[in-house]
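Accompanying notes for the structure given below.
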Amino acid sequence: MADQIQQLQEQVLQARQNGNKLNIVGGGSKAFMGREPSADADTLSLAGHTGIVEYHPVELVLTVRAGTPLKDIEEALAAEGQCLHFEPPRFTESSTIGGTLACNLSGPARPWTGSVRDQVLGIRLLNGKGEHLRFGGQVMKNVAGYDVSRLQAGAMGTLGVITEISLKVMPKPAASVTLVQDMAMGEVIDYMNRRAGEPKPITGACWVDGKVYLRLSGARSAVEATADKWSGDVLDEGDRFWQQIRDMQHGFFSDAEAPLWRFSVGSTAPAADLPGPWLMEWVGGQRWYRGDASLADMEKLARSAGGQVSLFRGGDRQGEVMQSPPEALKTIQRGVKNSFDPDGLFNPGRLYSWL
Amino acid sequence: MTTTSHATKSGLTKTELAEQFRAFIDPEFVITDDETLKPYECDGLAMYREMPMLVVLPETVQQVQRVMRICHEQGVPVVARGAGTGLCAGAMPHKEGVVLSLAKFNRILEIDPLARTARLQPGVRNLAISEEAAHFGLYYGPDPSSQIACTIGGNVAENSGGVHCLKYGLTVHNLLSVEIVTAEGDRVTVGSDGLDSCGMDLLALLTGSEGLLGVVTEVKVKLLPKPEVAQVIMAGFDSVEKAGDAVGGVIAHGIIPGGLEMMDGHAIIAADDFCQAGYPRDAKALLLCEVDGTEEEVHEHIAEAEAVFRKLGATSIRTSSSEAERALLWKGRKSAFPAVGRISPDYYCMDGTIPRRHLAKVLLEMESMSERFGLRVANVFHAGDGNLHPLILFDANVPGEFESAEAFGSAILSLCVEVGGCITGEHGVGVEKIRQMAVQFNDEELQQFHDVKAAFDPTGILNPGKGVPTLRFCQEYRSIEHKQHNHEQAGASHG
């Protein structure tokens with residue numbers, strides 16, 4: 001538990017003065033994401049800037065320093081019967097909340113509970129001028145000023161150093177059951193979407209290795225009644241299955257050789273015909289593919305499915321790894337970057353080669 | 001028709017500008033005469049008025065683009081407008097500017113029941129989405145109290161909420177993508193059919209940006225399956241503190257109600273007089289706690305919530321046993337504003353948000369302010385998410401009363417910030433709360449907002465003068481506030 005804001009601020013000011021660049025690092029568990037970090041930038045470490053600043057269980061609000069590991073946060077919440085219900089992935093034990101927001105990573109419950117971005121209520125941020133700014137707040141509803149807090153989601157630290165985050169937290173579901181059954185890829189998209197359209201307590205829908213997994217959670221009576229009605233066998237150790245999907249420990253992700261592509265597309269888009277294996281979750285809205293391909297070809301597929309693609313892990317990390325935005329949005333993003341970080345201090349080239 | 005001395009920065013007269021628009025927009029929908037312009041002079045906050053130079057009602061996105069290109073070239077301010085139900089003068093016209101009405105864009109383009117999405121033109125009314133989606137057992141989550149009239153484009157601009165936010169989120173949580181026309185006339189889509197997009201979250205940035213960053217021309221929203229059952233508990237309490245504790249008690253128990261509303265004694269009586277909802281008229285605070293979900297879940301949670309309320313000192317409890325009874329119990333809350341309108345010639349609705357634990361303190365402080373300003377105040381409160389709507393009662397025909405109401409409102413918002421809350425939960429800043437922005441943000445933060453705007457709108461034509469105050473204005477406001485505060489402190493210590 002330490003507040004290192006002064007050191008962080010000094011380091012930013014120093015870098016600005018000396019014309020240096022900074023790679024922002026939290027727990028280092030997501031170093032594989034984005035484009036390769038700039039080799040001639042210094043490291044700005046958030047790993048020591050940790051600790052819960054405020055936590056009011058009855059308010060459902062937690063304020064925490066950005067370098068705090070997820071596991072510490074979840075322990076503190078569990079003691080009050082609460083959780084981060086967007087289920088942030090923990091690629092390692094050192095994964096932090098700041099990195100989770102910067103990369104906009106959420107777990108299996110995302111279609112129902114929202115993403116990390118959805119739960120953010122406010123942040124504090126060091127911009128490229130070394131100013132420590134406060135946006136949003138600790139309340140659920142707040143429309144004063146632009147939503148700079150949620151803007152950070154997915155920016156991968158290119159707009160500044162997130163130093164503190166206020167989040168909405170939720171009660172832990174009282175009960176949870178996972179149903180599993182065999183299903184072909186051709187049928188499962190329709191099946192998962194139909195289930196998601198029913199007013200039942202569904203909080204997970206995933207297809208891998210020819211099996212579909214549906215998770216029900218919430219009030220015990222509702223979970224049990226729905227599990228009785230729906231087809232599928234109850235999976236022992238259901239929680240473990242979802243944890244493995246969340247943290248990419250499932251066998252699907254174990255082949256480190258083949259590049260891993262993440263498609264974020266319309267949940268009903270037809271399955272693409274590619275030679276490698278697929279894993280679908282979020283009712284079909286998030287699809288993982290393992291195999292060699294060019295970003296341009298994958299972008300075509302993603303566009304035809306109404307969404308976007310990124311090269312999540314492996315492959316060529318010196319080229320672009322994110323779907324290219326149209327020219328007008330590039331101009332806007334450059335402008336937004338420039339408004340926060342006029343000297344281009346933070347994470348140069350990490351998100352896009354041109355940012 | 002009036003020919004006036006209005007002229008754009010580059011010297012075009014109003015007539016010349018109208019001519020340019022009439023070259024591609026049906027001349028009937030380029031409005032220049034005072035009589036037809038009049039209804040556009042304000043939004044739902046009618047105390048703030050300004051006549052626009054002219055109003056255009058384009059019918060295609062291409063026309064919107066051409067309007068923006070001309071205004072960008074000519075340096076003409078543009079104020080986008082939906083149904084004009086906003087409550088912060090965010091759609092108040094600029095006297096040298098164009099009001100860009102999206103009223104013609106009122107079509108639901110597509111409902112996809114399997115994907116549970118709706119693609120909408122910006123002028124589609126909020127309630128119309130749920131009405132159409134109901135054919136498929138679906139609905140749209142955010143339900144601002146103006147939902148009969150307000151449009152989805154305006155909802156995006158304000159990040160509108162409603163009574164179901166705690167469980168179902170605000171507008172920002174229920175969007176997939178928006179198409180905007182930029183200040184320079186480019187047409188771009190932000191977001192996608194996927195839940196998350198690559199890169200910085202511009203969709204979140206645009207949501208709630210009050211028409212300062214772009215003009216929304218299409219919106220794709222998520223739809224939710226309609227809950228099987230909903231039941232509401234009405235619980236009366238003999239103090240606001242106890243009701244506040246009961247709200248916390250339910251949430252601490254692990255129940256997230258679909259709606260959780262509180263009314264104070266003044267609001268209870270006004271609402272009960274208005275629609276005979278059977279509210280406990282002697283209660284100092286009333287909670288309406290709605291639980292929705294599957295039959296089993298609602299059954300389980302209603303029993304638990306009743307037990308919590310009883311344990312925490314509820315003086316009366318009534319749970320709806322039919323849809324008609326549920327509607328009746330809600331009717332009082334939903335008509336609280338017109339009900340208060342009946343007991344006072346005018347009222348001024350505020351919109352601060354506070355951490356719930358400070359509720360009793362804030363309400364108490366408000367009572368003493370009420371005495372100090374000599375104006376009554378009634379409170380309705382989205383208790384689940386801490387969003388207060390104090391209704392300040394005044395009479396606009398009494399000289400000085402509106403000014404007092406404004407000063408009272410301003411003091412309430414400062415109090416909200418002081419206890420860790422914010423100056424607006426869902427109504428937006430617009431013109432109305434632009435002064436209080438200086439209370440919530442420092443100069444560096446406000447400058448950051450201006451810099452963000454410049455990235456979208458380099459010449460500052462989109463809704464100028466709204467949302468974010470100039471720094472000079474703030475310094476002046478802070479110094480006046482400071483003096484007043486010191487003065488009041490001195491007065492208090494003498495009194």
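So A:Asp228 fits all but one of (1) among the acidic types (Asp, Glu); (2) part of a helix (DSSP H, G or I); (3) away from chain B (no Cβ under 14 Å); what number is the exception?
So the condition that A:Asp228 fails would be (3).
Name, by its number, the condition in (1) in contact with a helix residue (DSSP H, G or I) (Cβ under 7 Å, 6 or more places away or on another chain); (2) modelled with pLDDT of 95 or more that does not hold for B:Asp264.
(2)
Take A:Asp292 and tell me if it is more than 9 Å from every other protein chain (Cβ to nearest Cβ) and surrounded by fewer than 21 Cβ atoms within 10 Å (Cβ to Cβ).
Answer is yes for this residue.
Looking at (1) within 25 Å of the chain's Cα centre (by Cα); (2) free of Cβ contacts under 8 Å to residues at least 24 places away in the same chain, find the lone condition where B:Gly199 falls short.
(1)
Please enumerate the residues belonging to the range A:335-355 that are facing chain B (nearest Cβ under 8 Å) and free of Cβ contacts under 8 Å to residues at least 40 places away in the same chain.
Residues satisfying the conditions are A:Gly335, A:Asn338, A:Ser339.
Restricting attention to the range B:211-246, report how many residues are more than 23 Å from the chain's Cα centre (by Cα) and more than 7 Å from every other protein chain (Cβ to nearest Cβ).
Of the residues in that region, 18 qualify.
Looking at the range B:222-257 only, could you name the residues that are without any contact (Cβ under 8 Å) to a residue 40 or more places away in the chain and either on the phi > 0 side of the Ramachandran plot or crowded, with 24+ Cβ neighbours inside 10 Å (or both)?
Within the range B:222-257, B:Gly254 is the sole residue that qualifies.
Which condition breaks for B:Gly11 when tested against (1) surrounded by fewer than 16 Cβ atoms within 10 Å (Cβ to Cβ); (2) over 24 Å from B:Gly185 (Cβ atoms); (3) not charged (D, E, K, R)?
Every condition holds for B:Gly11 apart from (2).
Restricting the search to the range A:321-348, which residues are among the charged types (D, E, K, R) and either surrounded by fewer than 20 Cβ atoms within 10 Å (Cβ to Cβ) or at positive phi (or both)?
Answer for the range A:321-348, where residues must be among the charged types (D, E, K, R) and either surrounded by fewer than 20 Cβ atoms within 10 Å (Cβ to Cβ) or at positive phi (or both): A:Glu327, A:Lys330, A:Arg334, A:Asp343.
Residues that are surrounded by 20 or more Cβ atoms within 10 Å (Cβ to Cβ) and of a type in the set (Asp, Glu): which strands (runs of 3 or more DSSP E) entirely in the range B:258-367 hold 2 or more of them?
Those strands (runs of 3 or more DSSP E) span B:259-264, B:285-293.
Looking at A:Gly285, A:Gly232, A:Gly315, A:Gly276, which one is farther than 20 Å from A:Glu87 by Cα and touching a Leu at 6+ places or on another chain (Cβ under 6 Å)?
A:Gly232
What helices (runs of 4 or more DSSP H) completely inside the range A:92-181 contain at least 1 residues that are within 8 Å of another protein chain (Cβ to nearest Cβ) and touching a helix residue (DSSP H, G or I) at 6+ places or on another chain (Cβ under 8 Å)?
A:110-113, A:116-119, A:148-151
Tally the residues that are in contact with an Asp or Glu (Cβ under 8 Å, 6 or more places away or on another chain) and more than 10 Å from chain A (Cβ to nearest Cβ), restricting the search to the range B:439-473.
3
The values are calculated or read from the model by the stated rules, or taken from the named source; none is laboratory data. Note that the structure is a prediction, hence the values are computed from the model and not measured. Glycine gets a Cβ as well: all are built from the backbone with ideal geometry, and neighbour counts include every protein chain shown.
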